[in-house]
Every structure is written in structure tokens, then in C-alpha cells.
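Note sheet for the following structure.
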Amino acid sequence: MTTDQDLSMDGQSARAVLAAKGIDVTPNKDQGVIKVVKRQGLDGDRPMIGDRVTVHYTGKLLTGKKFDCSRDRKEPFSFNVGKGQVLKAWDIGVLSMQRGEVCTFLCKPEYAYGAAGNPNKIPPCSPVVFEMELLKFEGEALTDDGGIVRRIKVKGDGYTNPNDGASVDVHLQGSCGGRLFDCRDVSFVVGEGEDKGIPLGVDRALDKMQKGECCVLYLKPKYGFGSDGKPEYNIGPDKDVVYEVTLKDFQRAKESWEMDLSEKLDLVGDVKNKGNQYFKAGRYYQAVIQYQRITSWLEMECGSGIEQQKRIQDYIVTAHLNLALCFLRIKEFSQVIDNCNKVIELDKSNEKALYRRGEARLLRNEFSLAMADFQQVLQVNSSNRAARAQISICQSKIKEHHEQDKKTYANMFQKFAERDAKTRRTKRRRDESERSGMNGEVGIKRRRRSQDCLP
């Protein structure tokens, strides 16, 4: 175990003591990061690359002079380990720790602050020492809702990732409740994994992976097999699943800027059909991927003539209308409104866009706005019976809302009245009590005076 006494000697001696007590944790064993354990961790599990880790640390020079300390700030420090967000020594060292472990790292300059050092704190080319406690760690959330969590077992090579439309070769191992249900090598197109029985979460994680990467994905039901489950794998509804995925190879699809307009228009029809296929099968998230490819390709295109411009606009309008319908199904109403607004910017009288926006607003309890949309639908097509029925529903909802407001305000005013009445009663009793007390005192004084009188 290291102590402050180990650092109170000259730098060379301190380095020798720490090196003698510790182990080299650098991958190439160049003595760049020497680790000395001061307190063992609580279990055998260690962070993986990309995990969100939380630590307390103290940084010192070899002279023992402290230059930084999270405990002095009374706030631990968090970062994604192995991602280059911190010193190289930290990325290497923390990956070797267990939860609750406390250790000291002796770090060469090339693993810490380098030849430049840190002005006013760390001289150039200085070895440094960090005492570190690993408080906790957790996988990296790849989605805002935490439905896909990744832990990287083996880091991939390079800096490129598969994109939507890329062809990928992967090895999969799927498990549920500790039971292995899927183990195979498979090739597919990113965004179309559903065709090979691959859950949405695996498909969506691929654009964060690099060639050669092996990671573990923890999928919530939304990104696994949903409420239907997967009977052929004996997986019931709403089950969490875990996939270990190795990205063996991939070929990126062309990005929008790499294609000319004619190339995009040649591809749009097939992508639209694939989206429609997923929509009809109830795979709305997969359909969204396809329709969004169309909008990303064409929204900035102008076309060279009236006919081509109209063709582009028709594709864009259809894609946004389909996206709105998908988002209605998965109850993401703000996305419905956004996509309908984009259609209305191009065609202010688009009946479907107005109607679907009205549906989303009605479901968000924006009854007046919804009714205005349905009324616009009738202006476009007076025979739209569905819009007329929706207006009746809006009117009913508005009436219910007003009645509820009346009850709420009536109850509120009643409570105010009762409180005021109670206050008045309390004040009246207090006044009566005070008057009674005063009368009593007067009576006592009179009796005293009468007793003080001579007979």
C-alpha cells in the first residue's frame, strides 16, 4: 500500500518505490502506468470500453505536491472510459479497476500531461501520481430513453461506422434470462435487419460500432421483440434481451452528398416500397428508417425542370406523410406535427397532413388547435366525414374541459369561501373572548373596590 511518505522523498526514489510495489497495466508493458492497489474492489466485474464511470481522484507530483482533487470540490468526476475524453493513463488505469477499488497510478509524462505539462501546475515532462477510487460504472446508453445500453468488450479499428443502407457481416449471440437463443453469423443491410430476424436495437447500434468491435447490447422490449415476443425463440412478450455482437466487416452505403440526383431518384422507389412493407407488417420503427432516408436525400434537391421538381416534391410529401402516420402509431405526437408541418409548408391544402396533424393535436389534448385543423380539412374537402366526426369529438372535449374548469374553479372558490368563513369565525370567537376577558377584569376590579370600602 502506498502512503504519503512514499511521495515525500525525492522524485527518483518515489518512482522507484511505486514501481517496485506495483504492476504495469499498459497494453505494451512499457511501464507507462504502474498500478498499486490500496483497497481491493467489491466484486470481480470491471468497466468496459465506453462505460460511464464515476471516480474520486487526487493528483500529485512526485514531490507530493497536490495539483488537483475531486474530493476538495466535494464532487466526483464522471466520463466515458476508453473514449479519449481524459488522460491516456486514466483510460488505461480505470479499465483495470473493480467497483469500490482504491489504487495509486504512477504515470509517465507521455500517458499524462506530456512534454508541455500544465502551466502553473505541472512542469514539462513530469511524471505524476493519481490516487483514484472507482465509485460506480454503467454501460453507455445509445438512446435517450436508455432502451439500448452498450458495453464494449473489444474495441474496433478505425474511425468509420456503418450507415443506413450499409452491408454488414456480424456474429450474433442472443440471450434472454441467461438462456442462449440465437448464435449465428449473418449478413444484412443496416436498417433492414428485421428481414433476418434481428431486433431493432441491434440494427440501431451498428452505426456506433467499428470494424472488429465486439460489444454487449442490453435491449429493453421496445428495441428487442416488443409486446409480440419471439415465439420461435421461446421468448414471451415484453422481455429484455441481451446480444453480444461482433462487427466482422462492413461496406458503407453512399452518403447523400456522394450521389447525384438521378442516382437518388433511382433508389427512392425501392426504399419507399421497403418502408411500406414494414408499415404494413406493423414494424413502424423500421418503416421510419426507410422514409427518413428519402427525406435526407431529397430535401435539399431542386431539380432541373418543372417535371423533375414535381417528382422530387411528390416523394418528399409522401415520405413526410408516411412518417407522420408511423409516428401516430407509436404515439410520438410531436414528430407527427413536425412532419405534417413540413408537408403543409409545401402544400398548405394537403388534406392528409391537416387531418393527421389534427389527430396528433387531439391526442395531445390540444382540442381547439385540433378542431381548427379538421375545419381546414372540410374547407379542402367538404365531404370528408371523418373530419366532421372529429370536429364533433373536439367540441365535446372542449365542452367537457370547460365543465371541468367550472367544477375546479367552483371547488376552489368554495374552499376560499370556507376558509374566509372559518377565519371570520375564529376572529369573532377571539374578539368575544377578549371582550369577555375585559368584562371579567372590570367585574373583579369593582369587587375589589367594594371590598376595600369601609363598612
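The values are calculated or read from the model by the stated rules, or taken from the named source; none is laboratory data. What you see is a predicted model, and the numbers here were worked out from it, not measured in a lab. Backbone-built Cβ (ideal geometry, glycine too); neighbour counts: all protein chains shown. All accessible areas refer to the heavy atoms of the entire protein, side chains included, with ligands and DNA or RNA removed. Shrake-Rupley method; radii C 1.70, N 1.55, O 1.52, S 1.80 Å.
Across region 354-366, which residue is surrounded by the most Cβ atoms within 10 Å (Cβ to Cβ) among those that are of a type in the set (A, V, I, L, M, F, W, C) and under 29 Å from the mean Cα position of the chain (by Cα)? Outline the logic, then answer.
The first filter runs over region 354-366 and keeps only residues of a type in the set (A, V, I, L, M, F, W, C), leaving 354, 360, 362-363.
Still in the running and under 29 Å from the mean Cα position of the chain (by Cα): 360, 362-363.
Working: A360: 26, L362: 20, L363: 13.
It comes out as A360.
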Identity of the residue in region 248-265, in a helix (DSSP H, G or I) and open to solvent by 40 Å² or more (accessible area, probe 1.4 Å), that ends up farthest from G156 (Cα to Cα): S262
Subset of region 38-80 that is at pLDDT 95 or above and β-branched (V, I, T) - its residue that is farthest from the chain's Cα centre (by Cα): T58
Within region 359-383, considering residues that are outside any helix (DSSP H, G or I) and out of contact with any helix residue (DSSP H, G or I) (no Cβ under 7 Å at 6 or more places or on another chain), the one nearest to Q404 (Cα to Cα): N365
Qualifying residue in region 150-157 (condition: out of contact with any Asp or Glu (no Cβ under 7 Å at 6 or more places or on another chain) and either over 26 Å from V53 (Cα atoms) or open to solvent by less than 60 Å² (accessible area, probe 1.4 Å) (or both)): no
Matching option when the condition is acidic (D, E) and within 30 Å of the chain's Cα centre (by Cα), among D314, D338: D338
Region 381-403, residues that are surrounded by 15 or more Cβ atoms within 10 Å (Cβ to Cβ) and touching a Ser or Thr at 6+ places or on another chain (Cβ under 8 Å): C394
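Return the total of residues in region 335-346 being in contact (Cβ under 8 Å) with a residue 12 or more places away in the chain and either exposed (fewer than 13 other Cβ atoms within 10 Å of the Cβ) or of a type in the set (A, V, I, L, M, F, W, C) (or both). Lay out the reasoning, then the answer.
Here is the first cut: in region 335-346, the residues in contact (Cβ under 8 Å) with a residue 12 or more places away in the chain are 335-337, 339-344, 346.
Next, from what is left, pick out any that are either exposed (fewer than 13 other Cβ atoms within 10 Å of the Cβ) or of a type in the set (A, V, I, L, M, F, W, C) (or both): 336-337, 340, 343-344, 346.
Going through region 335-346 one residue at a time, the tally reaches 6.
Yes/no per residue for (1) open to solvent by 70 Å² or more (accessible area, probe 1.4 Å); (2) at pLDDT 95 or above; (3) of a type in the set (G, A, S):
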| position | (1), (2), (3) |
| --- | --- |
| F279 | no, yes, no |
| M300 | yes, no, no |
| S304 | yes, no, yes |
| A319 | no, yes, yes |
| N322 | no, yes, no |
| F327 | no, yes, no |
Residue in region 179-186 that is part of a loop (DSSP other than H, G, I, E, B), of a type outside the set (S, T, Y) and open to solvent by 10 Å² or more (accessible area, probe 1.4 Å) present: no
Any strands (runs of 3 or more DSSP E) falling wholly within region 58-162 and containing at least 1 residues that are farther than 27 Å from P199 by Cα: 66-69, 77-80, 102-107, 128-138
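For region 221-242, give me each residue that is among the basic types (K, R) and open to solvent by 60 Å² or more (accessible area, probe 1.4 Å). Steps first, answer last, please.
So the first thing to find is which residues in region 221-242 are among the basic types (K, R), and the list is 222, 230, 239.
Result: K222, K239.
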Selected residue [more than 25 Å from D144 (Cα to Cα), open to solvent by less than 10 Å² (accessible area, probe 1.4 Å), modelled with pLDDT of 95 or more and out of contact with any Ser or Thr (no Cβ under 9 Å at 6 or more places or on another chain)] from V268, V202, V245: V268
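Residues checked against (1) touching a Lys or Arg at 6+ places or on another chain (Cβ under 9 Å); (2) of a type in the set (K, R); (3) in contact (Cβ under 8 Å) with a residue 24 or more places away in the chain; (4) assigned by the TED database to the domain that holds D157:
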{"site": "S256", "(1), (2), (3), (4)": "yes, no, yes, no"}
{"site": "D266", "(1), (2), (3), (4)": "no, no, no, no"}
{"site": "V271", "(1), (2), (3), (4)": "yes, no, no, no"}
{"site": "G275", "(1), (2), (3), (4)": "yes, no, yes, no"}
{"site": "Y278", "(1), (2), (3), (4)": "no, no, yes, no"}
{"site": "Y284", "(1), (2), (3), (4)": "yes, no, yes, no"}
{"site": "I289", "(1), (2), (3), (4)": "yes, no, yes, no"}
{"site": "Q292", "(1), (2), (3), (4)": "no, no, yes, no"}
{"site": "T295", "(1), (2), (3), (4)": "yes, no, yes, no"}
When residues of region 306-317 are limited to those that are open to solvent by 80 Å² or more (accessible area, probe 1.4 Å) and not charged (D, E, K, R), the one nearest to L265 (Cα to Cα): Q309
